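K.L.:
Submitted below is the structure of interest, expressed as structure tokens.
The values are calculated or read from the model by the stated rules, or taken from the named source; none is laboratory data. Please read these numbers as outputs of a predicted model, since none were measured by experiment. No Cβ is skipped: glycine too gets one built from the backbone with ideal geometry, and neighbour counts run over all protein chains shown.
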Amino acid sequence: MLRKIALWIDERLRASELFASTAGHTVPASAGSWFYVFGSGTLFCFVLQIVTGICLAFVYVPSADEAYTSLEYLNYQQPLGWYLRALHYWGSNFMVGIMAIHMAQVFLFGAFKYPRELTWISGCVLLLLTLGMAFTGQIMRFDQDAYWGLGIGASIMGRTPFIGPNLVHLLLAGPIIAGETLSRFFTLHVFVIPGLLIALISLHLRLVLTKGINDYPVPGRKVRKETYAEEYQSLLKKEGVPFYPKAIDKDIVFVGVVILGILFCAAYFGPKGPQGVPDPTQIHAVPAPDFFFLWIYAALALLPPYMETFLLLSAPVVGIALLFALPFLSNTGEKSARRRPIAVLGVILVFLTLGTLTQMGTYAPWSPEMEAWSGNPTPAHYIQGRSPLELQGALVLQNKQCRNCHSLGGEGGLRGPALDGVATRLTREQLIRQVIQGGGNMPAYGKNLAPQEVTALVAFMETLRPVDVRAAHDSTK
Amino acid sequence: MAAQEPESTQMTPAGVSRRGFLFTLGVGLNAVAATLLAIPVVGYVFSSFRRELASQSWIMLGALENFPENQTRLATYRNPYTRPWDGKTADIPCWVRRLTGEKFQVFAINCTHLGCPVRWFAESHLFMCPCHGGAFYEDGSHASGPPPRGLYLYEYKIEQSRLWVRGGRLPTLSEPL
């Protein structure tokens, strides 16, 4: 009976025909590889994001006034609200991560070469859209990070020559971050970008069907425009298998592992934030972006100021242009990573750079530690047996916020050098000059310290050295 | 499959089939409709490209006695560019430094590097930014770190022994206060 109904429907819908020509399309047997699972992994993360996103939208209020309250409601009152928020957050992390692996794999396997240029380009657009989702999603969690994150975005936009103010206005939906800003980002996050994503994913998959999945690269088997199509067809004839059911097994396993991974992370780590009401008058905020943008946060701190605006505005354009141009810069030839050392080095370089910057972003050594001066103790052995003048100096060091940038005994800011052992590096004269005139990224304290405070401070710093190491001295004396 | 309609092959004196004419008319009609639709939609979304000077206006920060001489204090105001659903986001802080008498400096909260909130440290007379470590002296000038210029200054006036500033927009490098 059920079979009859199914057949009746299928006769009208022709679903089995569609299924056979899409999921059942012929792929080279070699494409049923563990390296080929990341695309479908990314796709399923997206599906999961849609499901959890719709669930969140049932409760979330996209209003600057009430978004924060509704997030708190989701976290603490709505049954399982915290878990849905966690799933959506971890789903995004997994999606960005797996997409990055997918991209690296496709690059290393030469899959962007003839005739799959458009597949690569549509993938690049998908990358940008996904990052757009990540940024706008961070704004949906409308807390202090979101508020100041918008300020950072606006400040970058504001550096654009001529149309900077207009771009800021366009981004914020007004001259300043306010109610309409969140509405704008909600629209982008929930309607505009997902719509574009679905369209681009359709194109991306359509191209996989029309141009075929990349055959597993073999060193020495070069891509030639004249012969490639023929070679690919003969490969399909020789060792082609239907994607479903012959080559899909590993994809299914991977998707299962990914979903379980997201479920586990969501349950174990829980949702992120919201961290503090988005009230700009709470100026004790220490804004930091989500994981995937930490590298940008780090780069912004480390770029030399004179080239910062230029790089901020040109690097994304050049980077994106290069990504799009890649299949035309290297259209034919070797696909195998074994014969493309520069490609391998390039991937390693990119991942090392992003990894290092991200890692630095997690502890932000360039940021002063705002509470170090009042909160961090002076190590006991730096005060024991010191003269009153030196003790006075220890107080000056504490009270004048030196520790916000300089650590002592491993505690305090990392912006400037640690002061343990400073007496072995700088003489008394050098210490005085550095304190009064500043320099090398240190403000001048000349106007802010009384002469007796400088004397005490320097007297204290002269004691900061291990007993068995000689103090810095001027050899001309 | 629709049956072939006989009139489709009938030619008008000018040599244009009725179907061809209708198709051209349809395309033309839709082109006009699309343009008429696009004008308000594009105008709505990109309204920011029209200069809006009205976003800046005078805001009262408080009585002069709230700001002792030679001190820097945090003041907050309700942003004039506001919507009923802004909530707390329309409460904007700023740093008010009173030198002597009626001489003031009113600084925007936003760091000139990337807009993070700078914090005043009265002991060391410095503003520090928590994001990328920018620091400014008490007069707002650049002390260290990545900011390309000193703190943004509000235009101010004193009327009826109250301090007023001109504000309303997020200050950026290309459009300071």
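K.L.:
Which one of A:Phe324, A:Phe292 is among the aromatic types (Phe, Trp, Tyr), more than 14 Å from every other protein chain (Cβ to nearest Cβ), within 30 Å of B:Ala135 (Cα to Cα) and surrounded by 13 or more Cβ atoms within 10 Å (Cβ to Cβ)?
P.N.:
A:Phe292
K.L.:
Would you mind finding the one in A:Tyr232, A:Tyr244, A:Tyr216 that is of a type in the set (Ser, Thr, Tyr), touching an Asp or Glu at 6+ places or on another chain (Cβ under 9 Å) and touching a residue at least 12 places away in the same chain (Cβ under 8 Å)?
P.N.:
A:Tyr232
K.L.:
Given the condition surrounded by fewer than 14 Cβ atoms within 10 Å (Cβ to Cβ), within 14 Å of chain B (Cβ to nearest Cβ) and modelled with pLDDT of 90 or more, answer yes or no: does some residue in region A:257-279 qualify?
P.N.:
So far as region A:257-279 goes, no, none of its residues is surrounded by fewer than 14 Cβ atoms within 10 Å (Cβ to Cβ), within 14 Å of chain B (Cβ to nearest Cβ) and modelled with pLDDT of 90 or more.
K.L.:
In region B:142-175, what residues are under 27 Å from A:Leu302 (Cα atoms) and either in contact with a Leu (Cβ under 8 Å, 6 or more places away or on another chain) or more than 10 Å from chain A (Cβ to nearest Cβ) (or both)?
P.N.:
Across region B:142-175, the qualifying residues are B:Ala143, B:Pro146, B:Pro148, B:Arg149, B:Gly150, B:Leu151, B:Tyr152, B:Leu153, B:Leu170, B:Pro171.
Here is a yes/no grid of residues against (1) assigned to a loop (DSSP other than H, G, I, E, B); (2) within 21 Å of A:Pro278 (Cα to Cα):
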{"residue": "B:Gly62", "(1), (2)": "no, no"}
{"residue": "B:Glu69", "(1), (2)": "yes, no"}
{"residue": "B:Thr76", "(1), (2)": "no, yes"}
{"residue": "B:Pro80", "(1), (2)": "yes, yes"}
{"residue": "B:Pro84", "(1), (2)": "yes, yes"}
{"residue": "B:Lys88", "(1), (2)": "no, yes"}
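K.L.:
Name the residues in region A:51-109 that are within 14 Å of chain B (Cβ to nearest Cβ) and touching a residue at least 24 places away in the same chain (Cβ under 8 Å), would you?
P.N.:
The answer is A:Pro62, A:Ser63, A:Ala64, A:Asp65, A:Ala67, A:Tyr68, A:Leu71, A:Glu72.
K.L.:
Would you be able to say whether some residue in region A:246-268 is closer than 18 Å to A:Arg141 by Cα and assigned by TED's automatic domain parsing to the domain that holds A:Ala337?
P.N.:
Checked region A:246-268: at least one residue is closer than 18 Å to A:Arg141 by Cα and assigned by TED's automatic domain parsing to the domain that holds A:Ala337.
K.L.:
Right, here's the next one. Could you tell me whether any residue of region A:402-417 is more than 32 Å from the chain's Cα centre (by Cα) and either assigned to a helix (DSSP H, G or I) or within 12 Å of another protein chain (Cβ to nearest Cβ) (or both)?
P.N.:
No: zero hits.
K.L.:
While we're here: Mind checking which pairs have a first residue in region A:331-350 that is farther than 17 Å from A:Gln105 by Cβ and touching a residue at least 40 places away in the same chain (Cβ under 8 Å) and a second that is charged (D, E, K, R) and surrounded by 14 or more Cβ atoms within 10 Å (Cβ to Cβ), Cβ under 9 Å, 6 or more apart or different chains?
P.N.:
A:Asn331/A:Lys113; A:Asn331/A:Glu117; A:Thr332/A:Lys113; A:Thr332/A:Lys222; A:Gly333/A:Lys113; A:Gly333/A:Lys222; A:Gly333/A:Arg339; A:Gly333/A:Arg340
K.L.:
Hey, can you tell me all the residues within region B:51-64 that are within 19 Å of A:Thr181 (Cβ to Cβ) and either at pLDDT 90 or above or facing chain A (nearest Cβ under 9 Å) (or both)?
P.N.:
B:Glu52, B:Ser55, B:Gln56, listed by residue number.
K.L.:
Okay, moving on. How about region B:117-132: which of its residues are within 7 Å of another protein chain (Cβ to nearest Cβ), part of a loop (DSSP other than H, G, I, E, B) and over 15 Å from A:Ala444 (Cα atoms)?
P.N.:
B:Pro130, B:Cys131, B:His132
K.L.:
Considering only region A:304-315, state which residues are of a type outside the set (Phe, Trp, Tyr) and either under 12 Å from B:Pro148 (Cα atoms) or more than 11 Å from chain B (Cβ to nearest Cβ) (or both).
P.N.:
A:Pro304, A:Pro305, A:Met307, A:Glu308, A:Thr309, A:Leu311, A:Leu313, A:Ser314, A:Ala315
K.L.:
How many residues are more than 44 Å from the chain's Cα centre (by Cα) and farther than 28 Å from B:Glu123 by Cβ when one looks only at region A:449-468?
P.N.:
Here the count works out to 2.
K.L.:
Looking at (1) in contact (Cβ under 8 Å) with a residue 24 or more places away in the chain; (2) more than 8 Å from chain A (Cβ to nearest Cβ), can you tell me which one B:Ala38 breaks?
P.N.:
The one condition B:Ala38 does not meet is (1).
Residue-by-condition table, conditions (1) of a type in the set (A, V, I, L, M); (2) buried (at least 24 other Cβ atoms within 10 Å of the Cβ); (3) away from every other protein chain (no Cβ under 14 Å):
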| site | (1), (2), (3) |
| --- | --- |
| A:Leu118 | yes, no, yes |
| A:Gly137 | no, no, yes |
| A:Arg141 | no, no, yes |
| A:Tyr147 | no, yes, no |
| A:Leu150 | yes, yes, no |
| A:Pro161 | no, no, no |
| A:Leu167 | yes, no, no |
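K.L.:
Kindly provide the set of residues from region B:119-152 that are acidic (Asp, Glu) and buried (at least 20 other Cβ atoms within 10 Å of the Cβ), ordered by number.
P.N.:
B:Glu138
K.L.:
Moving on. So which residues in region A:435-457 are of a type in the set (A, V, I, L, M), farther than 15 Å from A:Gly416 by Cα and within 11 Å of chain B (Cβ to nearest Cβ), if there are any at all?
P.N.:
First pass over region A:435-457, keeping only residues of a type in the set (A, V, I, L, M): A:435-436, A:442, A:444, A:449-450, A:454, A:456-457.
Among the residues that remain, those that are also farther than 15 Å from A:Gly416 by Cα are: A:436, A:449-450, A:454, A:456-457.
Across region A:435-457, the qualifying residue is only A:Leu449.
K.L.:
Please work out which residue is farthest from A:Arg340 (Cα to Cα), limiting yourself to region A:193-223 and to residues that are in a loop (DSSP other than H, G, I, E, B) and of a type in the set (D, E, K, R).
P.N.:
Going residue by residue through region A:193-223, those that are in a loop (DSSP other than H, G, I, E, B) are A:212-222.
Those still in the list that are of a type in the set (D, E, K, R) too: A:215, A:221-222.
Values: A:Asp215: 17, A:Arg221: 13, A:Lys222: 12 Å.
My answer is A:Asp215.
K.L.:
Within region A:327-368, can you find the residues that are within 18 Å of the chain's Cα centre (by Cα), surrounded by 12 or more Cβ atoms within 10 Å (Cβ to Cβ) and small (Gly, Ala, Ser)?
P.N.:
Across region A:327-368, the qualifying residues are A:Gly361, A:Ala364.
K.L.:
May I pose another question? Mind listing whichever residues of region B:124-177 are among the β-branched types (Val, Ile, Thr) and closer than 13 Å to B:Val106 by Cβ?
P.N.:
Once the filter is applied, which keeps residues that are among the β-branched types (Val, Ile, Thr) and closer than 13 Å to B:Val106 by Cβ, region B:124-177 yields B:Ile158, B:Val165.
K.L.:
Another question about this same structure. Kindly indicate whether B:Thr82 is facing chain A (nearest Cβ under 10 Å), free of Cβ contacts under 8 Å to residues at least 24 places away in the same chain and under 29 Å from the mean Cα position of the chain (by Cα). Lay out the reasoning, then the answer.
P.N.:
Details: facing chain A (nearest Cβ under 10 Å): yes; free of Cβ contacts under 8 Å to residues at least 24 places away in the same chain: yes; under 29 Å from the mean Cα position of the chain (by Cα): yes.
Criteria met by B:Thr82.
K.L.:
Can you name the residue in region A:34-71 that is over 30 Å from B:Thr89 (Cα atoms) and polar (S, T, N, Q) and, of all such residues, is modelled with the lowest pLDDT?
P.N.:
A:Ser40
K.L.:
Out of the residues in region B:97-111 meeting the condition of being surrounded by fewer than 23 Cβ atoms within 10 Å (Cβ to Cβ), touching a residue at least 40 places away in the same chain (Cβ under 8 Å) and in a strand (DSSP E or B), tell me which one is farthest from the other protein chains (Cβ to nearest Cβ).
P.N.:
Restricting to residues being surrounded by fewer than 23 Cβ atoms within 10 Å (Cβ to Cβ), touching a residue at least 40 places away in the same chain (Cβ under 8 Å) and in a strand (DSSP E or B), the top hit is B:Phe104.
K.L.:
Is it the case, given these coordinates, that B:Phe67 is of a type in the set (Phe, Trp, Tyr), surrounded by 11 or more Cβ atoms within 10 Å (Cβ to Cβ) and either more than 10 Å from chain A (Cβ to nearest Cβ) or touching an Asp or Glu at 6+ places or on another chain (Cβ under 6 Å) (or both)?
P.N.:
Working: of a type in the set (Phe, Trp, Tyr): yes; surrounded by 11 or more Cβ atoms within 10 Å (Cβ to Cβ): yes; either more than 10 Å from chain A (Cβ to nearest Cβ) or touching an Asp or Glu at 6+ places or on another chain (Cβ under 6 Å) (or both): yes.
Spelling it out, B:Phe67 is indeed of a type in the set (Phe, Trp, Tyr), surrounded by 11 or more Cβ atoms within 10 Å (Cβ to Cβ) and either more than 10 Å from chain A (Cβ to nearest Cβ) or touching an Asp or Glu at 6+ places or on another chain (Cβ under 6 Å) (or both).
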